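Trainee: One structure follows; several queries about it will come next.
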Amino acid sequence: MSLEEYKGVYVFAQQVDNKVSGISFELIGEGKRLAEKLGEQVTAILVGSDVKGLADELAAYGADRVIVVDDPELKEYRTEPYAHALSSVIEKYKPEILLVGATAIGRDLGPRVSARVHTGLTADCTLLEIGDFPINPIPGKEQKHNQLLMTRPAFGGNTIATIACPEFRPQMATVRPGVMQKLPKNEGAKAVIEEFNPGFTPDNKYVEIVEVVKNLTDTVDIMDAKILVSGGRGVGSAENFKLLDDLAEAIGGTVSCSRAVVDAGWKNKDLQVGQTGKTVRPNVYFAIGISGAIQHLAGMEESDIIIAINKDETAPIFDVADYGIVGDLNKILPALTEQIKAEVKNK
């Protein structure tokens, strides 16, 4: 493998039902940052059926080029045809870096593609950087420059690992949604659009989709919420989350939780914030009965305002909080909720 042949930062632009997923814009923004350090451009790979019209939206969020793989076989996501499409793009265009969202689709697709093109894949990354590898020079070992350093939680979130792929290309990573920042939308931006189709022969190995049943829920995605009222083990019980529900209703927020709450069976994992849950960036984040373990902080420390309520004045959460209240949440939350209701009523 001649590593010099591989150039540019590529992003798999996931779309479902001809709507681009938010993670695609986040990856383009992150790809732009990495590409600038390498003096390269960002290319979005758009795979689907009748999806060419989505290319302008990818350009508006920073893509310099869009490669469109359009075929009826790609209408719904299926592993085999999508893996064929993406690996064919890699073989033709030879990207140096390829980023894929760590979504249900990306987690299925990424490993299949990396195996096909014989390269490594770092899964569920929370930080990407361009740097030297090994990070600290080792006597007798060549230190390679401009490598993609991929950081991810390991051992159940108890430690952080930084991984590189210095000998093979592309350097592939799946990236957790909500971690990276998308660029401001520029409606007038244009990208070079290239159509590429490696050809799809109907194959009996392809999965046949008989029916698509959509899971409809009234639950707000905590990644989209502007105000989060998040509870931890210190809330005490599932029944006690009624105090958080009342506060969230009064302030127009959404309830979320820590991993300890999910492990205890008090709340669904969809509401979990942290390294093994979701990464959130709300305007206001209430951390109630949450100690502030590093695994939780990784999922919410970019919140604009953090308000911590905890009876333990030495809890690490106070180190990152903008405002802190030391005391019994059973007394504080009802009083806070009533005060908010009164303020709203008087407006």
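The values are calculated or read from the model by the stated rules, or taken from the named source; none is laboratory data. Since we're looking at a predicted model, the values are computed, not measured. Glycine gets a Cβ as well: all are built from the backbone with ideal geometry, and neighbour counts include every protein chain shown.
Trainee: For the stretch 126-140, which positions are modelled with pLDDT of 90 or more and crowded, with 19+ Cβ neighbours inside 10 Å?
Mentor: LEU128
Trainee: Take the conditions surrounded by fewer than 14 Cβ atoms within 10 Å (Cβ to Cβ), modelled with pLDDT of 90 or more and among the charged types (D, E, K, R) and apply them to GLU195. Does it pass?
Mentor: Answer is yes for this residue.
Condition check ((1) within 19 Å of ASP17 (Cβ to Cβ); (2) in contact (Cβ under 8 Å) with a residue 24 or more places away in the chain; (3) not in a helix (DSSP H, G or I)) across all residues:
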site: ALA63; (1), (2), (3): no, yes, yes
site: ALA85; (1), (2), (3): yes, yes, no
site: ILE90; (1), (2), (3): no, yes, no
site: ILE105; (1), (2), (3): yes, yes, no
site: ASP108; (1), (2), (3): yes, yes, no
site: VAL113; (1), (2), (3): no, yes, no
site: THR119; (1), (2), (3): no, yes, yes
site: ASP124; (1), (2), (3): no, yes, yes
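Trainee: Looking at ILE305, ILE290, ILE294, can you tell me which residue is touching a strand residue (DSSP E or B) at 6+ places or on another chain (Cβ under 9 Å), modelled with pLDDT under 90 and closer than 30 Å to LYS182 by Cα?
Mentor: Within the list ILE305, ILE290, ILE294, the selection yields ILE294.
Trainee: Does the stretch 5-20 contain at least one residue that is at pLDDT below 90 and assigned to a helix (DSSP H, G or I)?
Mentor: Within the stretch 5-20, one or more residues are at pLDDT below 90 and assigned to a helix (DSSP H, G or I).
Trainee: Looking at the stretch 276-293 only, could you name the residues that are outside any strand (DSSP E or B) and either crowded, with 24+ Cβ neighbours inside 10 Å or in contact with a Leu (Cβ under 7 Å, 6 or more places away or on another chain) (or both)?
Mentor: Across the stretch 276-293, the qualifying residues are GLY277, VAL280, PRO282, GLY289, ILE290.
Trainee: On to the next question. Among what's in the stretch 262-287 and is at pLDDT below 95 and hydroxyl-bearing (Ser, Thr, Tyr), pick the residue that is farthest from the chain's Cα centre (by Cα).
Mentor: Out of the qualifying residues, it is THR276.
Trainee: Then there is this: Evaluate the stretch 259-271: report whether one residue or more is farther than 13 Å from GLY234 by Cα, in a loop (DSSP other than H, G, I, E, B), small (Gly, Ala, Ser) and not assigned by TED's automatic domain parsing to the domain that holds ILE160.
Mentor: yes
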